[in-house]
Amino acid sequence: MTDHFADLPWFLKEFVYNNRWGSFREIQTKAFDIFKGCDDHILISAGTSSGKTEAAMFPVITSLYNNPPEGIGAMYIGPLKALIDDQFERMEPILKDSYINITGWHGEASRTRKDALMEFPSGILQITPESLQNLIADDPTRIKRLFSELRFVIIDEVHAFMNSERGLQLLCCLQRLEVLAGCDPRRIGLSATIADVDAAADWLTADTGRRTRIVCDPRSGDRVVDIRYHRIPGPENDDTERKRAITRYYKDLYNLVRDRNCIIFVNSRSDAETAGRSLRKVGEVYGDKDFIHVHHGSISKEYRKIAEEALKDPTRKTAVVATVTLELGIDVGGLDSVVQIEPPYTCSSLVQRMGRSGRRGGSQIMTVMCLEDPERWWTDVEGVNMDLVKAVAMAELSVQEGWTECPRNPQLPYGLLYHQTMEYMKSGAGTKFPMLVSDVLSMHPFRNITKDDYKTLLRHMLSIGHLERMSDGTLLIGPKGEKAVFHRDFCSVFTVKKEIEVVCNGKTIGSIQDMPEVGEPIQLAGHVWEVTGIKAREMTVEVKESDGTACNPWRSGTPPIDTVVVRRMLEILRSDRQYDFLDEAAKERLEDSRGVAKYLGTTTLVTETDDGALRIHPWLGTVQFDTLRRIIRTIDGVSSMSYFSPYYIDVRGDITEDELISGIEAFLEDGDRFLLIEQNDKLRFGKFDAYVPDELLMKAFVEDRLDCDFDLDI
């Protein structure tokens, strides 16, 4: 062991010995060196098996033990309640004899522990951004007593915060806390492996006046990806053959994960239920009834906990079909491998999911199952299996080259500015515009919003009764504003839609989005249930376990695909490169897709359809593709168009190919982007955008929802 081991307090040394660590990992040693050598912020970017939590927490705990603060000394911020609970369960046994208190704080955490912390603030606070917002807004006067000696802020899963309004809210909370408490804590960011670590470091730094030092996982060659292809005959063929092919697919998938601890990732809750139910039926044939579990956001906490505990149980093997809920760093023990059904939406997600395996020092292994089924029509474009090509592109970019998407931070978060303005005024006797500019508009997330735009927002808030102005110019929260501000969900900047609770014998199984009828079968937690009763007012249905089939889809948005991924897909289709991580069926389908793409001109910028339309294959990501579509609408001579995002746009009208391309290039040069806003566009995306005037929302739409920074040179 190094000198860093000698610096640890006795209980951490005991932990190291009991876990038989022969040495610290390189990423831990690097982080420890920075802790001792300077006072900069630190970003630790590494996979889930790298030991980054210990790299952050061990020096923090050592500091608190050697020099106990008068108040809360460290604050751990996590994006999920489950992640906070998981970290609490990991840290509490380590700290039990250290006299360092650790307190988990969220809506479901122990009230007794919270009250104890309020009376005798000390140790480590683990909290969500929403609970931190509530803590600050409810009584700003107590913040100094709680946090005046706050030394460290650990932000887990930084990448999950960076491209969201929730992450901007967190930065506002931290800045407000530092002002109220008079503290200057060191920030420590933890993240999965990300390509643009500089952007993450900039996010962590914000306006703190400190620079951020970066520590990255040196291991990059121990990832193994395997892509397999299956084809299901369409329903127009022999139905018996289709059923046999589906059964064969799930048997192959079951045999792939059997006798392994494994997470099977899918991209939607509906897919999780379908795969979970199908695999459970296969498992019953093999006598493994309880081998398969399902884990997603609409399954109750109790059922999710059963799946998590099964994965951690060293006496058994378990496979869990999961969505993003198991993508983040909840401890699930040692996984043998990870399976992904269809390519994930992003390379960042692929890396994060792959990182769930290899937690005991072995290779990170992922098998991607590409399923071609005519009923899933979006996977086939002009005879090209885009899901397979996308899987290859993502494997090349993220696994072999270490690339992941750069987050797109909202540049004009007017809804968040409304929220922070009301939070600031919530407990005060009133304020004036210069003070709002100094204390609210000055926050880092609002650096691109002008004073004039802030005045426009405040005037609108006055006009809708959320603010009132006194004769001396003092602003107060108005009656309508009080209803919004004092609502129990005001602390959260994201909207959670109320779902229908599903209960069996008094035990909550989870929730669904649409109210069923009595006798209707529903699928949840990998089982089929029959509805026996409905309580419409309470938004609850009673069920009993049943058999057969059911389909109750969940509606949710789809993240955009990046232009880098789409352009790599184009390179793959144009090349004759072979990939040893494809099975034979995948190799054959890729070659077939290449031949079709070449024959039909899919890899050519402009072709002509059978009915005379100009078909553009721009090979752009979702946001840029949508921007191009809008630009084409403004060009003279275009009468109509249809499109399949993000793959092609069919243009009809009295216009030649040269005129079309010239029109696009002219707009990209100096076109008015406000002309791209369409009448049916949704301008209100955020929870508090309802209180923002349209003229500001249009600015935000143009800045954050459109992207003219592209070319058609393919």
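Name the shape class, rounded, prolate or oblate, that the alpha-carbon gyration tensor gives for region 626-712, where a ≥ b ≥ c are the square roots of its eigenvalues, rounded holds for a/c under 1.5, and otherwise prolate holds if a/b is larger than b/c and oblate otherwise. Each step should come with its number before you reach the end.
Working: a/c = 2.34, a/b = 2.00, b/c = 1.17.
Because a/c hits 1.5 or more and a/b exceeds b/c, region 626-712 counts as prolate.
For THR112, THR240, THR62, write out the residues from largest to smallest accessible area, computed with a 1.4 angstrom probe and no ligands counted.
Details: THR112 105, THR240 70, THR62 20 Å².
Greatest to least solvent exposure: THR112, THR240, THR62.
Going by average Cβ density within 10 Å per residue, which order do the peptides 484-495, 365-376 take, highest to lowest?
Working: 484-495: 15.1, 365-376: 19.6.
Output ranking for 484-495, 365-376: 365-376, 484-495.
Rounded, prolate or oblate, given the Cα gyration tensor of region 100-142, with a/c below 1.5 counting as rounded?
Numbers: a/c = 1.64, a/b = 1.23, b/c = 1.34.
Taking the square roots of the gyration eigenvalues as a ≥ b ≥ c, region 100-142 is oblate.
What does the accessible area of ASP626 come to, in Å² to the nearest 10, when a probe of 1.4 Å is used?
Answer for ASP626: close to 40 Å² accessible.
Peptides 73-85, 551-563: what's the order by average Cβ count within 10 Å, highest mean first? Let's see the in-between values first.
Numbers: 73-85: 22.3, 551-563: 15.7.
The densest-packed peptide leads the list: 73-85, 551-563.
Here are some pairs, LYS497/LYS535; LYS251/LYS535; LYS317/LYS507; LYS305/LYS535; LYS251/LYS544; LYS497/LYS682; which of them have Cα atoms lying more than 30 Å apart in this structure?
On the way: LYS497/LYS535 18 Å; LYS251/LYS535 39 Å; LYS317/LYS507 26 Å; LYS305/LYS535 27 Å; LYS251/LYS544 28 Å; LYS497/LYS682 18 Å.
Violating the 30 Å Cα-Cα cut-off are LYS251/LYS535.
In square angstrom, what is the accessible area per residue of region 534-583 with a 1.4 angstrom probe? Write down the numbers at each step before the final one.
Numbers: 3070 Å² over 50 residues.
Dividing the accessible area of region 534-583 by its residue count gives 61 Å².
Counting only C-alpha contacts under 8 Å and six or more residues apart, can you give the relative contact order of region 562-714 as a whole percent? Kindly include the intermediate steps, with their values, before the conclusion.
Values: 157 pairs, mean separation 33.5, N = 153.
Contact order relative to length: 22 percent.
What order do ARG269, ARG594 take when sorted by accessible area (1.4 Å probe), most exposed first?
Working: ARG269 50, ARG594 15 Å².
Order by accessible area, largest first: ARG269, ARG594.
Say each of LYS451 and ARG211 gets a label point 7 Å from the Cα, pointing the same way as Cα to Cβ; how far apart are those two points in nm?
Spacing of the two 7 Å Cα→Cβ label points: 3.3 nm.
What aspartates and glutamates sit close enough to LYS455 to cross-link, taking a C-alpha to C-alpha distance under 13 Å and skipping anything fewer than 8 places away on the same chain?
Excluding near neighbours in sequence, the set is GLU695.
What distance in nm separates the two pseudo spin-label positions at THR240 and THR634, each 7 Å out from Cα along the beta-carbon direction?
If labels sit at THR240 and THR634, their model points lie 6.0 nm apart.
Just the accessible area per residue of region 1-131, please: how many Å² with a 1.4 Å probe?
Values: 5540 Å² over 131 residues.
For region 1-131, the solvent-accessible area averages 42 Å² per residue.
Whole angstrom only: what separates the Cα centroid of region 404-437 from the Cα centroid of region 238-261?
Rounded to whole Å, the Cα centres lie 52 Å apart.
With +1 assigned to the C-beta of every Lys and Arg and -1 to the C-beta of every Asp and Glu, and no other charges, what is the dipole magnitude of the chain about the Cα centre in debye, to the nearest 20?
Working: 88 positive and 113 negative charges, 507 e Å.
My answer is approximately 2440 debye.
Over the chain, what is the relative contact order in whole percent, taking alpha-carbon pairs under 8 Å and six or more residues apart?
Once divided by the residue count of the chain, the mean separation gives 12 percent.
Pairs of Cα atoms under 8 Å, at least six residues apart: use those to get the relative contact order of region 274-425, whole percent. Each step should come with its number before you reach the end.
On the way: 168 pairs, mean separation 24.1, N = 152.
Reported relative contact order: 16 percent.
Using a Förster distance of 22 Å, how high is the FRET efficiency between TRP21 and ASN67, based on the Cβ-Cβ distance and rounded to 0.05?
Numbers: r = 25 Å, r/R0 = 1.15.
Result of the calculation: an efficiency of 0.30.
Compute the distance in nm between two label points, each set 7 Å from the Cα along the Cα-to-Cβ direction, one at PHE494 and one at LYS480.
Taking the simple label geometry, PHE494 and LYS480 are separated by 2.9 nm.
List, in the order given, every pair from LYS114/LYS426; LYS52/LYS96; LYS390/LYS598; LYS480/LYS687; LYS498/LYS699; LYS144/LYS301 whose Cα-Cα distance in the structure shown is over 24 Å. Don't jump to the answer; show the numbers that get you there.
Values: LYS114/LYS426 22 Å; LYS52/LYS96 22 Å; LYS390/LYS598 17 Å; LYS480/LYS687 16 Å; LYS498/LYS699 31 Å; LYS144/LYS301 35 Å.
Over 24 Å Cα-Cα: LYS498/LYS699; LYS144/LYS301.
Taking 0.36 nm per residue of separation and subtracting the Cα-Cα distance, what length does fully extending GLN411 through GLU520 add?
Working: separation 109, 0.36 × 109 = 39.24 nm, distance 4.62 nm.
Stretched out fully, the GLN411 to GLU520 stretch lengthens by 34.6 nm.
How long is the gain from ARG537 to ASP115 if the chain were fully straight, where each residue apart is worth 0.36 nm and the alpha carbon distance is subtracted? Write out the running numbers ahead of the final one.
Details: separation 422, 0.36 × 422 = 151.92 nm, distance 3.41 nm.
So the chain would gain 148.5 nm between ARG537 and ASP115.
Quickly rank 521-530, 505-514 as a protection proxy: mean count of other C-beta atoms within 10 Å, highest first. Could the numbers behind the result be given before it?
Values: 521-530: 21.8, 505-514: 15.5.
Per-residue mean Cβ counts within 10 Å order the peptides as 521-530, 505-514.
For ASN680 and ASP196, calculate 0.36 nm times their separation in residues minus their Cα-Cα distance, and state this gained length in nm to one decimal.
Working: separation 484, 0.36 × 484 = 174.24 nm, distance 3.50 nm.
My answer for the length gained is 170.7 nm.
Where the accessible area of the chain is counted over protein heavy atoms with a 1.4 Å probe, how much of it, in %, is carbon and sulfur? Intermediate results must be reported in sequence, preceding the final value.
Values: 14570 of 31040 Å².
Exposed carbon and sulfur together represent 47 percent of the surface.
Counting only the heavy atoms of the protein chains, how much of LYS682 is accessible to a 1.4 Å probe, in Å² to the nearest 10?
120 Å²
Counting only heavy atoms of protein chains, what accessible area per residue, in Å², does region 436-496 have with a probe of 1.4 Å? Walk me through the numbers on the way to the answer.
Details: 3230 Å² over 61 residues.
I get 53 Å² per residue for region 436-496.
Going by the alpha-carbon gyration tensor, a ≥ b ≥ c the square roots of its eigenvalues, is region 536-652 rounded (a/c under 1.5) or, if a/c is not under 1.5, prolate (a/b greater than b/c) versus oblate?
Details: a/c = 2.51, a/b = 1.38, b/c = 1.82.
The shape class here is oblate.
Which sequence of ARG166, ARG408, ARG277 reflects their accessible areas, 1.4 Å probe, from the largest down? Each step should come with its number before you reach the end.
Working: ARG166 45, ARG408 105, ARG277 25 Å².
Descending order: ARG408, ARG166, ARG277.
Hey, for a label at GLU108 modelled as a point 7 Å past Cα toward Cβ, could you say which residues of region 271-294 have their backbone N under 16 Å away?
Output list for this probe position: 294.
ALA429 to ARG316: FRET efficiency via 1/(1 + (r/R0)^6), r the Cβ-Cβ distance, R0 45 Å, to the nearest 0.05?
0.15
Could you tell me the convex hull volume per residue, in Å³, taken over the Cα atoms of the chain?
About 184 Å³ per residue, rounded to a whole number.
Sum up the charges of everything whose Cβ sits under 13 Å from the Cβ of ASN552, counting Lys and Arg as +1 and Asp and Glu as -1, but leave ASN552 out.
With Lys, Arg at +1 and Asp, Glu at -1, the neighbours total -4.
The values are calculated or read from the model by the stated rules, or taken from the named source; none is laboratory data. Since we're looking at a predicted model, the values are computed, not measured. Cβ coordinates were reconstructed from backbone atoms using ideal geometry, including for glycine residues, and neighbour counts include every protein chain displayed. These accessible areas exclude ligands, DNA and RNA; they are computed on the full protein's heavy atoms, side chains included. Shrake-Rupley method; radii C 1.70, N 1.55, O 1.52, S 1.80 Å.
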